[in-house]
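Before any comments, here is the structure.
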Amino acid sequence: MALTSKLLQYASERTNIAIILPSDTYKAAGFMEATAKMGLGALIITNNPTGGDPHPISRMAADKLIAVDLTDTENAAIEVVDFINNSPVKDSLKAIIAADEQGVMLASLIGFTLGQPALRTNPPSAVALSKNKLAMRKALRDANVTQPDWRRAYTHDDIIKAANEIGFPVVIKPIGLSGSKGVIRADNNEEAANACVRIYKMLNTKSSSTEPLLVEKFISGTEVALEGILNNGQLTVLAIFDKPDPLNGPWFEETLYVTPSRLETQVIDCVVEVTKKAVSAFGLTDGPLHAELRVDADGSTGPRPTCYFIEAATRSIGGLCSKCLAFVQDKNSSDQLSLEEVIIRQALGLSIDKLTLKWHASGVLMIPIPKAGIFKGVENKLGALKTDNIVGIDISVPPGHLLQPLPEGDRYLGFIFAKAETPTQVENSLRSALAKLEVRIET
């Protein structure tokens, strides 16, 4: 690829770490702040700019940026590897990190090509499993990891048949979309057929013989999220989040995350045990892990809980949610580590031992999009900020933006953050702050 003078000039400087930051990522500031705090030189890999507007990432790292087509992962990997191999970056690069789902396979391919063990990236085969819900289900099945009953379905008739074999209610989802986009619950044949049409519309196809849909048994009960980090295949649990709002469908819009979890110890142990089995089944080795599990309705309070593995991603918690976490390695230390710093430390082979959460309890509320329309703004943000225990509110969508709720949408209006002495105080404060906000949407 052609190297600009800026890139050549930067390549002569010491570069410790490469970070893949798509232009629309929520996480640019968090990672850039972490690298600055740690005194690292960072090569930023991002997507090619579109239109005439300045590239969003370039405003943070104008002389530390290489732009590629992130939608063409294999060619992007070739370009980045070529750049690294033909510059002084090759001798000083110690780690490569993907901030978002969009970059995890690219990071893996670059690491695999340059020398995976030294760069501590996951094998491409393992990342591929995490990005494909069908392949993930097969790997879990082969490893006897507890998960919902499931079927793959290629047509409307297949979906109806699969749903009846499993037994309603079911959850129907595309295998390649991330988060909750396109995930729909169906309680009967009619709802299953409607869900099928809606999902295929999102995929711009009437049906697909090459990319089936996944039909899963709906698990009634408590959903939790595990935030962890892998180091040479060993899982360190950083936080387990309760999701106090029931996620019963028909869409699955996540709102509240609160840590530490208030579930019983035996339930937490079950969540961790099942996650470790899943990690082994996928062949994941290094870097951040965000996992979602369900605890059956009886098991959440019973002596033998059943924990179902729903899915995992080889990146950290989405959006700006990482801002609700801070860690210390010494309870008496005033120096705190962000989640991004922890991720970078692991990637560089630095110690991540004895990490504990800095705050007694913390949480985030992802502000939902109530309806489709043109976003006009949020009123009474100051009033919401005055709510007890609220430490920040970020509105991440600019006025004038077209909003689309789930299941077609894939973004949130913003994020509310809280910390307090107890998880219950955090939850109550987040709910109270949201109630004070007035979201204006023009339909």
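Every read-out reported here was derived from the displayed coordinates using simple, explicitly stated rules and does not represent laboratory data. Computed from a predicted model, the values in this text were never measured in an experiment. Note that each Cβ is placed from the backbone with ideal geometry, even for glycine, and that neighbours are counted across all protein chains shown.
Tabulated data for the structure shown
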quantity	calculated
Stokes-Einstein translational diffusion, the stretch 360-443 - Kirkwood Rh over all Cα pairs, 1.002 mPa s, 20 °C, in µm²/s	163
Estimated FRET transfer efficiency when R0 is 45 angstrom, pair residue 422-residue 48 (beta carbons, to 0.05)	0.45
The stretch 149-217 - convex hull of alpha carbons, volume per residue in Å³	70
Considering only the chain, percent of DSSP beta bridges that pair antiparallel, nearest 5	85
Full-extension gain in nm, residue 443 to residue 86, via 0.36 nm per residue minus C-alpha separation	123.3 nm
In sequence order, calculated HN-Hα J values of the stretch 349-359 (Karplus, 6.51, -1.76, 1.60; Hz; x Gly/Pro)	x, 7, 5, 10, 6, 6, 6, 9, 5, 6, 9
Point-to-point label distance, residue 248-residue 350, nm (Cα→Cβ direction, 7 Å offset)	4.6
No Cys partner within the rule (Cβ under 4.7 Å), the chain	196, 321, 324
Karplus-derived 3J(HN,Hα), 6.51/-1.76/1.60, for each residue of the stretch 276-284, Hz, glycine and proline x	4, 5, 5, 4, 5, 5, 7, x, 6
Residue 220-residue 155 pseudo-label distance in nm [points 7 Å out on the Cα-to-Cβ vector]	3.4
C-alpha center-to-center spacing [the stretch 161-195, the stretch 367-419] in angstrom	28
Mean residue ellipticity (222 nm) of the chain, computed from DSSP H runs ≥ 4 via -39,500 (n - 2.57), nearest 500	-9000 deg cm²/dmol
Alpha carbon convex hull of the chain, volume per residue in cubic angstrom	151
Relative contact order of the chain, pairs being alpha-carbon contacts under 8 Å that are 6 or more residues apart, as %	13
Amide H within-cut-off set for residue 413, under 5 Å, with H built and near neighbours excluded	367, 369
Residue of 378, 272, 104 that the Gaussian network model of the chain assigns the largest fluctuation, springs spanning Cα pairs under 10 Å	378
Stretchable slack from residue 330 to residue 37, in nm (0.36 nm times residue separation minus alpha-carbon distance)	103.6 nm
